[in-house]
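First comes the structure, then the notes that go with it.
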């Protein structure tokens with residue numbers, strides 16, 4: 001067995017390529033991110049070769065409390081001394097505790113929860129609940145949206161390349177432009193069960209809704225007796241400077257989905273949270289939606305620990321402060337490099353940099369990786385660099401990322417024969 005770190009890395013990449021995904025290995029190599037994760041701490045991760053990176057990708061928001069957070073790890077370690085995952089058909093104190101906590105911290109009158117393991121499962125549950133409760137079938141979602149790759153979720157996402165190999169998908173789904181209330185009003189009808197939106201589009205390119213849009217969607221749903229489902233899987237748990245992004249616009253959905261950072265980067269768990277009145281659907285159907293590992297006792301203990309950590313350490317406040325620090329650096333770069341950078345899209349530490357063309361994305365990701373930063377373009381729009389670092393990131397680490405970005409942009413500008421001569 002190899003002991004040299006470089007040999008270990010090459011063997012791991014070869015095995016991954018052979019047994020899991022050769023194209024993922026090829027893609028990651030092309031952008032300088034063929035990393036084999038080893039040590040993880042705070043905002044950083046180390047490649048098995050020892051190279052340190054600031055992680056600004058974080059699985060699109062899994063690591064809000066930081067990489068390998070020791071308090072969350074300790075909560076799981078203690079739980080393992082006493083519990084296992086539990087039996088999903090039995091009632092569970094751990095499930096009850098986390099569901100009660102979610103009812104406490106979510107906005108408005110969201111009060112009840114169905115647990116799952118991942119985000120796609122949470123979206124599937126939300127759509128099933130909306131259809132079952134309303135006895136209608138139509139679901140309207142947004143172009144460029146991302147909600148996962150499972151059954152109902154796949155039908156709702158706004159990227160054709162994910163869906164085309166699996167046609168025909170679930171009937172009753174349609175897409176409209178994100179942020180266009182008139183298009184939405186024109187699309188809904190008497191059979192529309194739900195409008196499903198990411199509060200801020202992540203994979204689509206960090207699209208922030210225009211002021212008044214979500215309130216208008218809420219009003220439309222109330223008028224037409226439609227369920228409003230907000231996908232807070234990437235935006236939830238302090239990412240945007242609020243515990244949930246919908247709080248920026250004072251809009252309360254009928255159903256909210258969360259996942260990713262609820263597991264503290266340690267244990268997979270998701271939740272579909274809904275208004276108490278919707279529980280009427282489950283009275284005659286108590287076993288109509290089940291998840292063997294969803295809301296396991298261990299996962300719920302971890303979820304509670306993650307929420308407590310976020311609140312105790314005011315990660316929402318840190319997201320606001322560090323987001324403002326990033327914005328100062330971004331504004332300087334926008335001014336100095338209009339040849340490469342077009343605009344910033346940002347709420348807290350959910351940030352997107354739009355390049356002037358798609359080809360810049362892979363090249364800049366490679367240059368950032370060379371300088372010790374993991375930052376990659378979004379899947380639905382290569383012209384957008386998505387930056388979602390852990391919410392525990394420090395001012396010094398923010399400056400490190402900004403310096404890496406500035407040096408990368410300067411080098412790319414020189415190579416392209418554009419911009420200032422530095």
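Since every read-out is calculated from the coordinates, none of them should be taken as a lab result. The structure presented is a predicted model; accordingly, all values stated were derived computationally and were not measured. Using ideal geometry, Cβ is built from the backbone for each residue, glycine included, and neighbour counts are taken over all protein chains shown.
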- request: Any chance you could get the radius of gyration and Dmax over the Cα atoms of region 70-312, in Å?
  value: 17.4, 56
field: Compactness of region 1-106 as Cα Rg over 2.2 N^0.38 Å, two decimals
entry: 1.45
field: Nearest 10 degrees, 0 to 90: helix 5-19 Cα axis against the chain principal axis
entry: 40
query: If you stretched the chain out fully between residue 189 and residue 308, how much longer would it get, using 0.36 nm times the residue separation minus the C-alpha to C-alpha distance?
result: 38.6 nm
query: Can you sort 301, 288, 85 by how many other beta carbons sit within 10 Å, fewest first?
result: 288, 85, 301
task: Using Cα pairs closer than 8 Å and at least 6 residues apart in sequence, work out the relative contact order for the chain, in percent.
output: 22
- line: Across 10 Å bins beginning at 0, the whole-percent shares of Cα-Cα pair distances in region 88-188 come to 13, 36, 34, 15, 2
statement: The whole-number value in µm²/s of the Stokes-Einstein translational diffusion coefficient for region 347-422, with Rh from the Kirkwood sum over alpha carbon pairs at 25 °C and 0.890 mPa s, is 190
message: Only counting other Cβ atoms within 10 Å, I'd like 228, 262 sorted with the fewest neighbours first.
response: 228, 262
- prompt: Rounded if a/c is under 1.5, else prolate if a/b is larger than b/c, else oblate: which is region 178-335, with a ≥ b ≥ c the root eigenvalues of its Cα gyration tensor?
  reply: oblate
- line: Fewest-first ordering of 386, 67, 39, 345 by Cβ atoms within 10 Å yields 39, 345, 67, 386
field: When region 153-244 is reduced to its Cα atoms, the Kirkwood hydrodynamic radius in Å
entry: 14.4
statement: Rounded to one decimal in Å, the inverse mean reciprocal Cα-Cα distance for region 116-166, i.e. its Kirkwood radius, is 11.3
- request: Name all residues of region 201-222 having a backbone nitrogen under 19 Å from the label point set 7 Å from the Cα of residue 357 along its Cα→Cβ direction, giving them as ranges.
  value: none
field: Residues in region 306-325 that a label on residue 71 would reach, taking backbone N under 20 Å of a point 7 Å out along Cα→Cβ
entry: 306-323
task: Over all directions, average the projected area of the Cα convex hull of region 193-267 and note it in nm².
output: 5.2
- line: For region 70-312 the mean separation of alpha carbon contacts under 8 Å (6+ apart) over residue count, i.e. relative contact order in percent, is 30
- prompt: Extension gain residue 288-residue 37, at 0.36 nm per residue separation less the Cα-Cα distance, in nm?
  reply: 86.4 nm
query: Quick one: helix 315-336 against the long Cα principal axis of the chain, what's the angle to the nearest 10°, folded into 0 to 90?
result: 50
statement: Of every Cα-Cα pair in the chain, the percentage lying beyond 33 Å is 35
message: Using only Cα atoms and rounding to the nearest 10 degrees, what angle (0 to 90) does helix 70-80 make with the longest principal axis of the chain?
response: 50
- prompt: Points 7 angstrom from Cα along the Cβ direction at residue 18 and residue 2: gap in nanometres?
  reply: 1.2
task: Note the full-extension length gain between residue 162 and residue 88 as 0.36 nm times their separation in residues minus their Cα-Cα distance, in nm to one decimal.
output: 23.5 nm
